[in-house]
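The values are calculated or read from the model by the stated rules, or taken from the named source; none is laboratory data. Everything numeric in this text was worked out from a predicted model, so none of it was measured. Backbone-built Cβ (ideal geometry, glycine too); neighbour counts: all protein chains shown. Areas reflect the complete protein model, heavy atoms only, side chains present, ligands, DNA and RNA absent. Shrake-Rupley method; radii C 1.70, N 1.55, O 1.52, S 1.80 Å.
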Amino acid sequence: MRILAIESSCDETAAAVIENGRNIISSVVATQVEEHKLYGGVVPEIASRRHCESINGVVKEALLQADMTLSDVDALAVTYAPGLIGALLVGVNFAKGLSLSSGLPLIPVHHLRGHIASNYLEHKELEPPFLCLVVSGGHSHIVEVRDYTEMRVLGKTRDDAAGEAFDKAARTMGMPYPGGIHLDKAAQNGSPDAFRLPVPKVSGNPYDYSFSGLKTAVINLIHNASQKGETVPVADLSAAFRKTVVDSLLANFIKAAQDTGYKKLVLAGGVSANSLLRQRTQEECGRHGWECFYPPLSLCGDNAAMIGAQAYYEYLSGNTANMKLNAAATMDIAAPSY
Ligand code: KG4
Ligand code: ZN
């Protein structure tokens, strides 16, 4: 089954043709990052406008690269939640129009389920059940993936997402948006023990996260130094920050695996590109004798290939939409409504 998938939830307009949820026939991503960089973060109104301008060309290009026309695909898929509402609406309305004119079925896909599915494109042997740490710019979830479309959230962030904390700390250190990748690179040359940062803690659910205190501590540290005319050693602070975030992410993830008995651990989302997170997860899994999976760097960030992968399994579960499909800024990954 071939699915033409569309993604427009944030600042990437993307389209892809995916076969049977596992093979990428084509994948096109048009990023707006250079424009948002000017403002230090995504400007929602600009994102919507650029999606409108790009979507037609991006979808055409995905079909062209697949050497196909619409009559060669069996279904359409689109990210409908969660994300920036104005950005999502561009993809959803485009996909609805295409479905109406072609008669092809329309499959709505939850963005975070798509991130999880990016792993299916790389690891052909990976099948649920497994435990997944989904870490992106907007979310930090520990998800029990019981089946392709059956999930349960064990823990999530109470405030900032890990990616958001990376980006804000990086911005305060003078790095361009999105700062996560720059902070990761700067950290390679730093000593994580040069700074003692507060270790994030929450009471109640042992699998929940909190990153706003840590983020604020770093921002205050930089502002205090600049008021005194001192310069902060960016590599050391980056290394200390990265280590604290990764330690926190992994502590709950490992505890959740031990408590639930999962022996297959999977990373997903933009922050799964973090080199220390990948390395440490691999080491922890090795130590416990667990299997470890993460997406290739090319599929960590937003793309439509992952949406096409998840769409295949949503379709098999009967999750298709009609012309009443709407976009939603927030949506539970475990109980999405269409
Ligand atoms: O999944 P994603 O592309 O978009 C959302 O759905 O939010 O995630 C983007 C996030 C950004 O916060 C970005 O800084 C972060 O992923 N990110 C990283 C790295 N590469 C991307 N964070 C830490 N280390 C990285 N290497
Ligand atoms: Zn994403």
Does the range 189-198 include one or more residues that are polar (S, T, N, Q), assigned to a helix (DSSP H, G or I) and in contact (Cβ under 8 Å) with a residue 40 or more places away in the chain? no
Since Leu325 meets every condition but one in (1) in a loop (DSSP other than H, G, I, E, B); (2) open to solvent by 40 Å² or more (accessible area, probe 1.4 Å); (3) over 25 Å from Asn23 (Cα atoms), which condition does it not meet? (2)
Residue among Gly261, Gly269 that alone is at positive phi, in the same structural domain as Ile181 (by TED's automatic domain parsing) and without any contact (Cβ under 8 Å) to a residue 12 or more places away in the chain: Gly261
Are any of the residues in the range 57-74 within 16 Å of ligand 1 (Cβ to nearest atom), open to solvent by 50 Å² or more (accessible area, probe 1.4 Å) and not polar (S, T, N, Q)? no
Within the range 121-140, track down each residue that is away from ligand 1 (no atom under 13 Å from the Cβ) and of a type outside the set (Phe, Trp, Tyr). Leu121, Glu122, His123, Lys124, Glu125, Leu126, Glu127, Pro128, Pro129, Leu131, Cys132
Qualifying residues in the range 267-285 (those that are within 16 Å of ligand 2 (Cβ to nearest atom) and not in a loop (DSSP other than H, G, I, E, B)) - the one farthest from Leu121 (Cα to Cα): Leu277
When you scan the range 41-55, do you find a residue that is basic (Lys, Arg), more than 16 Å from ligand 2 (Cβ to nearest atom) and in contact (Cβ under 8 Å) with a residue 40 or more places away in the chain, even just one? no
Qualifying positions in the range 118-146 - under 28 Å from Ser26 (Cβ atoms), open to solvent by 10 Å² or more (accessible area, probe 1.4 Å) and either of a type in the set (Lys, Arg) or in a strand (DSSP E or B) (or both): Lys124
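Kindly provide the set of residues from the range 263-295 that are open to solvent by 20 Å² or more (accessible area, probe 1.4 Å) and within 13 Å of ligand 1 (Cβ to nearest atom), ordered by number. Please lay out each step first, then the result.
As a first pass, look at the range 263-295 and keep what is open to solvent by 20 Å² or more (accessible area, probe 1.4 Å): 263-264, 270, 273, 275-276, 278-280, 282-284, 286-292, 294.
Within the range 263-295, Gly270, Ala273, Ser275, Leu276, Arg278, Gln279, Arg280, Tyr294 qualify.
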Is there any pair with a first residue in the range 205-234 that is polar (S, T, N, Q) and a second that is open to solvent by 70 Å² or more (accessible area, probe 1.4 Å) whose Cβ atoms are under 7 Å apart and which are 6 or more apart or on different chains, and what are they? Ser210/Arg158
Unmet requirement for Asn205, which otherwise passes all of (1) farther than 30 Å from Ala334 by Cβ; (2) more than 21 Å from the chain's Cα centre (by Cα): (1)
Scanning for something outside any helix (DSSP H, G or I), closer than 16 Å to Pro336 by Cα and assigned by TED's automatic domain parsing to the domain that holds Ala15, does the range 92-107 turn up at least one residue? yes
How many residues, within the range 86-117, are surrounded by fewer than 22 Cβ atoms within 10 Å (Cβ to Cβ), farther than 16 Å from Val17 by Cα and out of contact with any helix residue (DSSP H, G or I) (no Cβ under 6 Å at 6 or more places or on another chain)? 7
For residues in the range 147-172 being more than 30 Å from Pro336 (Cα to Cα) and open to solvent by 30 Å² or more (accessible area, probe 1.4 Å), which is farthest from ligand 1 (Cβ to nearest atom)? Thr172
Taking the condition of being within 17 Å of Val135 (Cβ to Cβ), open to solvent by 20 Å² or more (accessible area, probe 1.4 Å) and not aliphatic (A, V, I, L, M), how many residues in the range 245-261 meet it? 3
